[in-house]
Every structure is written in structure tokens, then in C-alpha cells.
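Colleague: Take a look at this one; I'll ask things after.
The values are calculated or read from the model by the stated rules, or taken from the named source; none is laboratory data. Since this is a predicted model, take the numbers as computed values, not measurements. No Cβ is skipped: glycine too gets one built from the backbone with ideal geometry, and neighbour counts run over all protein chains shown.
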Amino acid sequence: MLSNAFVAHSLDEVRFWSRIMKEHSLFLKLGFRCEDTQLIHEANQFYAIFEGIERKSHEFTVETDPEQIRRFNIEVYSAASHIWAFKRRVLGLVLSCQMPGANNFPLLIDHTSREANYFRNRLEQLNNGRLEPLPDAIIDENVFFLRIMADHAKFIGHLLDPSERQLVEQARNFSHDFDELLFQARDLDSMRPQSQTIPLLDQFLDQNRVSVASLRDFKKTARDLIEACRIKSIIHPLLADHVYREAERFLAIIDMFEQSLTSVQHQ
Ligand SMILES: [Fe+2]
Ligand SMILES: [Fe+2]
């Protein structure tokens with residue numbers, strides 16, 4: 001039986017990720033060459049599709065009929081699948097050197113496709129009645145987001161002007177820290193199910209939170225400096241804000257996990 005909580009969770013995911021998908025379409029477009037007219041056209045179409053989804057998601061409220069939201073989720077799932085396929089196709093073109101001179105890193109294209117896939121999986125989980133990630137999924141979810149954060153640090157480091165030596169160095173340190181956290185998460189993952197004890201997960205989340213909060217602050221500073229035109233880079237201001245929002249999202253998920261662990265402990 002689908003509930004109001006299902007509606008609230010669905011709208012929260014769709015509002016956040018449809019904006020992200022819309023922005024990916026813009027970033028991909030900006031990285032294409034002038035002659036890539038067909039790809040630019042497709043990117044524009046995806047932009048319009050996700051803009052429409054975002055608008056629609058804001059028209060619904062928690063009072064909306066859950067059945068209507070279930071159908072909406074299916075529609076969004078299909079759009080997310082299509083943009084995933086588009087990103088993988090673009091990745092293939094770049095990796096086979098069919099787009100010499102295009103300006104998106106392969107890792108960035110791959111990264112955005114992983115986010116599309118994550119979004120698609122969340123929609124499927126929601127429609128199957130799984131509203132919040134289970135304790136069982138805590139490690140998986142962290143593995144996903146830690147890698148996303150590690151990638152962001154790498155993108156920032158590579159898109160800053162090389163003369164911004166201090167900021168490049170800071171970005172490199174973040175990249176290293178998150179790679180380490182990711183390895184730690186994988187180690188914990190392979191110790192399943194014994195690693196699923198609450199004290200271990202609690203400590204794991206605490207450690208991640210500290211690092212994510214500091215990366216979030218770094219991204220915020222970078223975003224503000226880029227917006228004020230105070231640093232040299234080829235980072236689009238919207239991209240700086242985009243990665244900042246994704247860090248905020250990860251922090252919110254960590255908090256939600258901590259709460260669910262606390263409630264399990266007090267049962
Ligand atoms: Fe993204
Ligand atoms: Fe990202």
C-alpha cells in the first residue's frame with residue numbers, strides 16, 4: 001500500500017535529481033564541439049525533458065494521489081534510462097577518439113552516467129516500497145557517494161587553472177582522502193555480514209561525515225570565488241554549485257543513516 005511518505009520521498013528524490021540531470025545536459029552540451037550539432041540537439045532535448053520533470057515535481061504535493069506519483073516515477077525512470085544511454089554513447093565516442101578536441105573528461109561523462117543510474121535505481125526502489133535505504137545498504141550507498149566525492153575533487157583539481165597552485169593542491173589532497181575512504185568502505189564491505197554491527201557502521205559514518213563536511217566547505221568557497229570571478233579556472237559557476245549540492249545531499253543521507261541506526265539501537 002503506497003502512502004504519503006512514499007509521495008514525500010519520491011518528490012524529494014525527483015526534485016533533487018531531475019535538476020541534476022538537467023544540469024548534466026547543459027555541461028555535456030558545453031563540452032561538445034561546434035560541429036557536434038546532433039549531440040548538441042540531443043543534449044538540448046534532455047535539458048527540456050528534465051526541466052519539464054522538475055517543473056511537474058514541484059506542482060505535486062504530499063497530498064497527491066500516491067498512484068499518480070507511482071506512474072510519474074515510471075515516466076521519470078524512463079527519462080533517466082535514456083539520459084544514461086546517451087551518456088554512455090558519448091563516453092564511447094570520446095574513448096574511441098571520435099571526438100578529438102571535445103571538452104569533457106571521460107571520467108566526468110562516466111560519473112554523470114553513474115548518477116543517472118543511481119537515480120533510476122532509487123525510483124525503482126521507491127516504487128517497490130523501499131522508501132529509505134536499509135541498514136544493509138549503508139555501505140553500498142557510501143561506496144557510491146564516496147567515489148562521487150573523490151571524482152569531484154579530481155574534476156576541480158583538473159579544471160582549476162594550473163597557476164592556482166594552492167587550490168589545486170587542496171583539491172588533490174581531497175582526492176587522496178576520498179580515495180582512501182573509498183578503499184576503507186570496500187574493506188568494510190567485504191567483511192559482511194560481520195561488518196554490519198552498529199558500532200562499526202556508526203564509526204564509519206562519523207568518519208565519512210567529517211571528510212564530506214570539509215569537502216563541502218571547500219566546494220562552497222570555490223563556488224563563491226568562481227562566482228565573484230576571484231579565481232582562474234574553466235569551471236562553470238553552475239558546475240561549482242552542482243557539486244556543492246551533491247555534497248550536501250550526501251551529508252543529509254549520512255544524517256538519515258545515523259538516525260536510523262540510533263532508532264535501531266533504542267528498540
Ligand atoms: Fe552531478
Ligand atoms: Fe557529481
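Colleague: Do you know which residues across the range 52-77 are hydroxyl-bearing (S, T, Y) and more than 18 Å from the chain's Cα centre (by Cα)?
Modeller: Hits for the range 52-77 are S57, T61, T64.
Colleague: Now a separate question. Can you list residue pairs whose Cβ atoms sit under 8 Å apart, with the first residue in the range 1-30 being more than 10 Å from ligand 1 (Cβ to nearest atom) and the second being small (G, A, S) and at pLDDT 95 or above? Count only pairs 6 or more apart in sequence or on different chains.
Modeller: If the second residue must be small (G, A, S) and at pLDDT 95 or above, the pairs left are L11/S57; V14/S57; R15/S57; S18/S57; S25/A43; L26/A43; L28/A43; K29/A43.
Colleague: For the range 164-193, which residues satisfy the criterion of being of a type in the set (A, V, I, L, M, F, W, C) and modelled with pLDDT of 95 or more?
Modeller: Listed by number, the residues that qualify are L167, V168, A171, F174, F178, L181, L182, F183, A185.
Colleague: Six or more apart or on different chains, Cβ under 7 Å: which pairs go from a residue in the range 136-150 that's under 20 Å from P193 (Cβ atoms) to one that's modelled with pLDDT of 95 or more and among the hydroxyl-bearing types (S, T, Y)? Could you list them?
Modeller: That search, which allows pairs on different chains as well, returns F144/Y118.
Colleague: Consider L181 carefully, then state whether it is buried (at least 18 other Cβ atoms within 10 Å of the Cβ) and more than 27 Å from A116 (Cβ to Cβ).
Modeller: Considered against the rule, which asks whether it is buried (at least 18 other Cβ atoms within 10 Å of the Cβ) and more than 27 Å from A116 (Cβ to Cβ), L181 comes out as no.
Colleague: Also: Regarding the range 33-42, can at least one residue be identified that is in contact with an Asp or Glu (Cβ under 9 Å, 6 or more places away or on another chain), over 21 Å from F6 (Cα atoms) and either away from ligand 2 (no atom under 16 Å from the Cβ) or not basic (K, R) (or both)?
Modeller: Checking the range 33-42: not a single residue is in contact with an Asp or Glu (Cβ under 9 Å, 6 or more places away or on another chain), over 21 Å from F6 (Cα atoms) and either away from ligand 2 (no atom under 16 Å from the Cβ) or not basic (K, R) (or both).
Colleague: Now a separate question. Please state which one of D110, D206, D140 is within 16 Å of ligand 2 (Cβ to nearest atom), within 22 Å of R245 (Cα to Cα) and among the acidic types (D, E).
Modeller: D110
Colleague: Also: Report yes if some residue within the range 185-192 is more than 30 Å from S260 (Cα to Cα), among the hydroxyl-bearing types (S, T, Y), away from ligand 1 (no atom under 16 Å from the Cβ) and surrounded by fewer than 16 Cβ atoms within 10 Å (Cβ to Cβ); otherwise report no.
Modeller: no
Colleague: Same structure again: Determine whether the range 8-26 contains at least one residue that is over 20 Å from E115 (Cβ atoms) and surrounded by 19 or more Cβ atoms within 10 Å (Cβ to Cβ).
Modeller: No, the range 8-26 has no match at all.
Colleague: For the structure I just gave you, tell me whether A222 is of a type outside the set (K, R), within 16 Å of ligand 1 (Cβ to nearest atom) and either in a helix (DSSP H, G or I) or at positive phi (or both).
Modeller: The answer is yes for A222.
Table: residues versus (1) modelled with pLDDT of 95 or more; (2) under 23 Å from W17 (Cβ atoms); (3) surrounded by fewer than 17 Cβ atoms within 10 Å (Cβ to Cβ).
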position	(1), (2), (3)
S195	no, no, yes
L201	no, no, no
E246	yes, yes, no
Q267	no, no, yes
